1. Local charge sum around Gln205 (other residues, Cβ-Cβ under 15 Å, Lys/Arg +1, Asp/Glu -1)?
2. How large is ³J(HN,Hα), in whole Hz, for each residue of the stretch 371-383 in order, when computed from phi with the Karplus curve 6.51 cos²θ - 1.76 cosθ + 1.60 and θ = phi - 60°, using x for Gly and Pro?
3. Quick one: order Ser246, Ser312 by neighbouring beta-carbon count within 10 Å, fewest to most.
4. Quick one: net charge around Gly267, please, counting Lys, Arg +1 and Asp, Glu -1 for every other residue with C-beta under 10 Å from its C-beta.
5. Could you give the length gained by full extension between Leu174 and Thr307, i.e. 0.36 nm per residue of separation minus their alpha carbon distance, to one decimal place?
6. With each pseudo-label sitting 7 Å past Cα toward Cβ, what's the Ala411-Ala167 distance in nm, one decimal?
7. Please say if the stretch 268-391 is rounded, prolate or oblate, where rounded means a/c under 1.5 for a ≥ b ≥ c the square roots of the C-alpha gyration tensor eigenvalues, and otherwise the choice is prolate for a/b larger than b/c and oblate otherwise?
8. On full extension of the chain, what length is gained from Arg331 through Val226, given 0.36 nm per residue of separation minus the C-alpha to C-alpha distance?
Amino acid sequence: MDTNTGNAAPPLRRSQRFAKRVESNKPVAASQDWQHEQPPSSVQERPTCYFLAPQNITLEPAALGEPEGFADANLQCGLWSLLPDELVENILNLCTTHQLGMLETTCTYFRRSSFIDRIAKQRLKAVPRARGLKPNRKEGEHTLSLLHFVNSQSVAAAQATAVSCGAYHTAALLVPAEIADDPNTSASRDCKHSLFTFGRGFHGQLGIGTHESTSFPRLASLGFRVCSDNPDMEEETMPAVVACGSSHTASISRRGELFMWGLGSSGELGLGQWSPLELPVPRQCLVQTRIVSIAAGAHHTLAIAETGALWSCGRGRHGQLGLGGVVDSPRLTRIPTLEYVCILVTAIAAGAYHSMALTVGGALLAFGRNDHGALGTGDCVDRWTPTRVDLNGEDPEDGKCRRAVQVSCGASHTLVLVLNNGRMEVRTTGM
């Protein structure tokens, strides 16, 4: 067919530049029209961001050379606007939070519509601990970035619960190697794991019934209970979380029961005033609620209840218990200052003599010894009750939203994972 009669052909839903390329068979690089499309050099130098960074670039149809028969909305939005709303919503429901963020930051159609915002709200409602959370609009945060924070916090909270190191001993939740390495069996995901400990056992912190040390993992049992289905039989108590202090160990069962053993000279086992100073076998710590997270310091213990309440026990002479006093507490005690203002805690960490906690909203709380700046409060003054740490640092007025995702403590220093305007940062403080 003669190429000169191409104008009589039915119009195609493609740009005029591409149609000219087909007719003239010229390379795209030689097209002056295509060269005008290149974004400014300042735009090309912008770093790549896959999260929800503010988008300050707007594409004008006139600058792109608007093709014939192509509407402005289609030019900026692709073909999404041509699909039925029900189909678009079904597609978005299959996307991950990361994929939703990429769509919103690269497609004008989703930035102008409310599809992604509505889906993010629905997913937030499905997370019990995220109820009541609202995005900080003043600092540029929206619903999807808040959902990203909640998901990141959940992933971070699930890490480091299967292995923990004390001063001279280690505890880990392990499964048989032949099951874990078998990709053809579902048991590798659902099999029952067991608690193993090794290292120094002088104070009974290994939980194996003796005070002997061991250089290889040995099984430590949390005991047995009567089966709920058959009262005539017993079942083993399965561990779910483990934490090691300096010379004591704590573990949470799958039912939310708290077990402690090892050195309890300062009340770090939380078993009461008349408990043994050393306990070589796990013993259940009786509390009025289920425990979902645990952290052990040198001589103190922190615990989070299923309600989000924060409990502590052990040595408190530096304020690491957050109870407002310098006395030790031999029983797990709920921190009253957080109870009065209904602050819910989602993650905790314990250093040698200081403690850190994260709230559901991403605030960072610190209390305890601070002579080396481990609390991150900008001074060296000890804190006797949970005190909020400013995450803005040197730029308090930059308008960016920052939320703490996870925290970890060394003996005299602290590391915090911070979500800063959609990007993860690691911040440290102390010695």
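Computed from the coordinates by the stated procedures, all read-outs in this text should not be read as laboratory data. Bear in mind the structure is a predicted one, so any value in this text is a computation, not a measurement. Counting neighbours? That spans all protein chains shown, and the Cβs are built from the backbone with ideal geometry, glycine included.
1. Working: positive: Arg200, Arg218, Arg283; negative: Glu212, Glu268, Glu278.
Net local charge, Gln205 excluded: 0.
2. 5, 10, x, 5, 7, x, 8, x, 9, 10, 9, 5, 10
3. Going from least to most buried by this count: Ser246, Ser312.
4. Working: positive: Arg315, Arg331; negative: Glu268, Asp328.
Charge balance near Gly267 sits at 0.
5. Working: separation 133, 0.36 × 133 = 47.88 nm, distance 2.85 nm.
Full-extension gain reported as 45.0 nm.
6. Inter-label distance under the simple model: 0.9 nm.
7. Numbers: a/c = 1.99, a/b = 1.33, b/c = 1.49.
Oblate is the answer for the stretch 268-391, as a/c is 1.5 or above yet b/c matches or exceeds a/b.
8. On the way: separation 105, 0.36 × 105 = 37.80 nm, distance 2.65 nm.
Extra length from Arg331 to Val226 when fully extended: 35.2 nm.
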